[in-house]
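Remarks on the structure that follows.
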Amino acid sequence: MTTIIQVSVPCPLRFNFDYLNNNEAHSWQIGQRVLVPFGSRQLIGIIISIRQSSEDDNLAKLKPIIECLDEKPLLDEDLLSLSHWLSAYYHHPLGDCFQAVLPKKLRQGEQAQLETETIWQLSSSQEKSTLGSKQQQIIDLLQQYPLGLSQTELYKKIGSCKPSLNSLEEKKRLSQSQQIKQQPISTNLSEPCNLNDEQQDAVESVWKSAQQFMPFLLQGITGSGKTEVYIELTERMVKQGKQVLILIPEIGLTSQFVSRFRQRVAAYISVLNSSISDRERKQSWLLAKEGLANIIIGTRSAVFTPLKNIGLIIIDEEHDGSYKQQDGLRYHARNIALIRAQRAKIPIILGSATPSLESLYKVEQERYKLLELTYRATGAKLPKVHLVDSTGPKAANGVSSILYRAIAEQLDRENQVLLFINRRGFAPVLMCHECNWQASCSHCDAKMIVHQRKNTLCCHHCGLIQRLPTQCPKCQTNDLNTYGAGTEQIELSLQAYFPDTTVLRIDRDSTQKVNAFADMVTNIQQGGAKILVGTQMLAKGHDFHNVTLVGVLDADQGLLSADFRASETLAQLIIQVTGRAGRGEKSGEVYIQTSQPQHPFWQDLINQPYRVIANKLLKERETISMPPVGSLCVIRAEDQQEQLAIQFLSDVAALLIQHNQQQVLVLGPVPAIMEKRAGRYRAQLLLSCPTRKPIHQLLDHYIDIISAQKLAKKVRWSIDIDPLDLL
């Protein structure tokens, strides 16, 4: 009998491949990585089943495995099962799902071995001997670190000193050892905070369910101390030998979270996000897998981290759209986290000041338990909110005179000011006054954005960059003007208006360098910058105690959107950004500039709690059967030829409609709102149903037929289950 090994390889095909055993003596196991021939290439795949051959197998057609890369399974039963669930739920090829689960270095075939490093410690026998100044410096430093210090850290603090280390080792003053490379546990812990009654109730409610699956929605107003609840529960879990997975929406929040947990919890903390190197990411992944990391803090993809003794999952700012992957495997990290918690039979906390309608709907259905924090932990009051008519008097560049006076008043009191505008660059429009030409992207249905400092035009959708023209390319006149304002223009205007005040701009353009964002946050917290101008990077979770004024510019964008979630997203964003004001001992104020101050949305926002707004939006969704009340799926297609995407989706629609199960409404296909992007024409087909199951059944029935369509091999297409937007 011959052993046949079924392997899942990273390719767009929705089936797996059989290979022959190339080594009868090897212990083949499901979850191991193998190198296999695949056409003219060699690919690394995952073993998903092992069986003995039968008479029906044509062994002559099967190729042997080239090499097994692991002695024992790299993927445990939990991650294997999760990958199969991902493939089934999101209707995505299994091989690509494994790619999402594994860090890059392991996908590329590197050995799954933890890195070690040299640790230097004071020797137990401290014989008296004459020491040089460098040697004495080393001894003095290591006396502060009884558990020892890595050679890398020693070099950082003292400089290169290998000869001195070797000499001290010869004198038996130091000893060296090899230890697994990871951040040391902090020995200088700060005192725990005294939790208020609401925080304590939240902690005890979760702790009572520590041995069972229970989703908790922790809804706390901005500044109510949700992080303290996370820290208290994490500390309890770590003391019981459990691991805690903490998901955060933005890389920029990492340093703040890691710092707070490191100061309070004696634990090994690993970080998993795209800002660390591939080597560090592999190390963190393996540390978690072996149970050597107690706390794992990361962004969206950290939800796939293998955890040996998982005890709790925390999702901070659970409403945030960045938890949804928008290309490839279009998963939502919140959904994956819930599945993992359910399978591990552990509690999961979803925290937010502005919960998603999905989570609030689950509370209504009694599938989540609601925990509330209704006042700020420091005793600070919520900021007073003012609506400013943006069509009124302006000081400069769209900033109202009222807001400028308020800024000047706060600066006189030596407070900090934060201005929020969700548009980077200098201006969104460059236009010729003579012939009305506008700078548009040749690859997208979009305007080119003016970036004055770099003297460029940039498309924020495909990344096309051109030099900023000095004359109109159509009529050659020099009368070119910009319209609208972005973060860059607001920064320059404020710097001109307040020349003696430091203005700091925080957006994707100003934070491209490594650690740039973390350095800026430190600068803000130390009071170095008095005026902060930023995009939504500044709206999430940051604690700036000296910010007493928040100004929201061009706030009407969300009211004009075609996206069915636009009102929900706008309410969440405005409440989050206004929550940055008055978090310390000083009271705060918020000025929202809008051209429609009497709009019911703004009146609700300043006069009603978020829950009232959310309930109104839920009722609207019920009326039109949109999520979270109904379920959606979008099938997207794109191609360089204008008609191919529409034609492919028309063929798909015809297939789905002939099934005619009545429950699933098939709408379209239609061109995307931005039809052309990065040189490709985009279209979409919408599937709508009051419940999710019929959509899955329909796709399960037809997915292989759709994949076999002639145009399916020509156009790029994807399936998006539970889409966040329809744009």
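Descriptive notes on the structure:
- Value of D in µm² per second that Stokes-Einstein yields for region 66-105, Kirkwood Rh from Cα pairs, at 20 °C (1.002 mPa s): 194 µm²/s
- Per-selection Kirkwood Rh - the chain (Cα, Å, 1 d.p.): 28.9 Å
- In units of the compact-protein estimate 2.2 N^0.38 Å, region 170-238 shows a Cα radius of gyration of 1.72.
- Dipole in debye (nearest 20) - the chain, about Cα centre, beta carbon charges: Lys, Arg +1; Asp, Glu -1: 960 debye
- Volume per residue of the convex hull around the Cα atoms, evaluated for region 529-615, comes out as 108 Å³.
- Here the translational diffusion coefficient of region 295-371 follows from Stokes-Einstein with Rh set to the Kirkwood radius across Cα pairs; for 10 °C and 1.306 mPa s it amounts to 121 µm²/s.
- The alpha carbons of region 480-557 occupy a box of 40, 26, 26 Å along the principal axes, longest dimension given first.
- Applying 1/(1 + (r/R0)^6) with R0 = 56 Å to the Cβ-Cβ distance of residue 452 and residue 117 gives a FRET efficiency near 0.75.
- Amide N of region 565-580 lying under 19 Å from the label point, which is placed 7 angstrom from the Cα of residue 599 along Cα→Cβ: 565-579
- Calculated FRET efficiency for the pair residue 23/residue 655, C-beta based, R₀ 45 Å, to 0.05: 0.50
- Stretched out straight at 0.36 nm per residue, the stretch from residue 693 to residue 84 would grow longer than its current Cα-Cα span by 217.5 nm.
- From the C-alpha gyration tensor of region 411-519, square roots of 5λ in Å: 29, 17, 11
- Distance (nanometres) between label positions extended 7 Å along Cα→Cβ at residue 259 and residue 67: 4.4 nm
- Share antiparallel - DSSP beta bridges, region 1-116, percent rounded to 5: 95 percent
- Using the Cβ-Cβ distance between residue 57 and residue 662 with R0 = 56 Å, the FRET efficiency computed as 1/(1 + (r/R0)^6) comes to roughly 0.85.
- Convex hull per residue volume in Å³, alpha carbons only, for region 1-118: 126 Å³
- Label zone at residue 526 (point 7 Å along Cα-to-Cβ), backbone N below 18 Å, region 259-276: 259-260
- When each of 324/540; 134/172; 226/586; 454/474; 226/616; 289/513 is checked by Cα-Cα distance, pairs over 27 Å: 289/513
- Against the empirical 2.2 N^0.38 Å (N residues), region 505-664 has a Cα radius of gyration ratio of 1.43.
- Label point distance in nm, residue 545-residue 193, each placed 7 Å from Cα along Cα→Cβ: 1.1 nm
- Net length available on complete extension from residue 50 to residue 435 is 131.6 nm, with 0.36 nm assigned per residue and the Cα-Cα distance removed.
- Region 212-270: equivalent-ellipsoid semi-axes (sqrt of 5 x gyration tensor eigenvalues, Cα, Å): 18, 17, 11
- Reachable lysines from residue 676, criterion Cα separation under 18 angstrom, eight or more residues apart if same chain: 447, 714
- Theoretical gain in end-to-end length, residue 327 to residue 14 [0.36 nm per residue, Cα-Cα removed]: 110.9 nm
- 20 Å cut-off, amide nitrogen to a point 7 angstrom out along residue 343 Cα→Cβ, residues in region 27-49: 29-34, 45-49
- On the principal axes of its alpha carbon atoms, region 63-200 extends 70, 60, 24 Å, with the longest extent given first.
- Viscosity 0.890 mPa s, temperature 25 °C, Stokes-Einstein D of region 295-450 from Kirkwood C-alpha radius, µm²/s: 117 µm²/s
We did not get these values from a lab; they are worked out from the coordinates using the rules stated. Just so it is clear, the model here is predicted, and its values are computed rather than measured. No Cβ is skipped: glycine too gets one built from the backbone with ideal geometry, and neighbour counts run over all protein chains shown.
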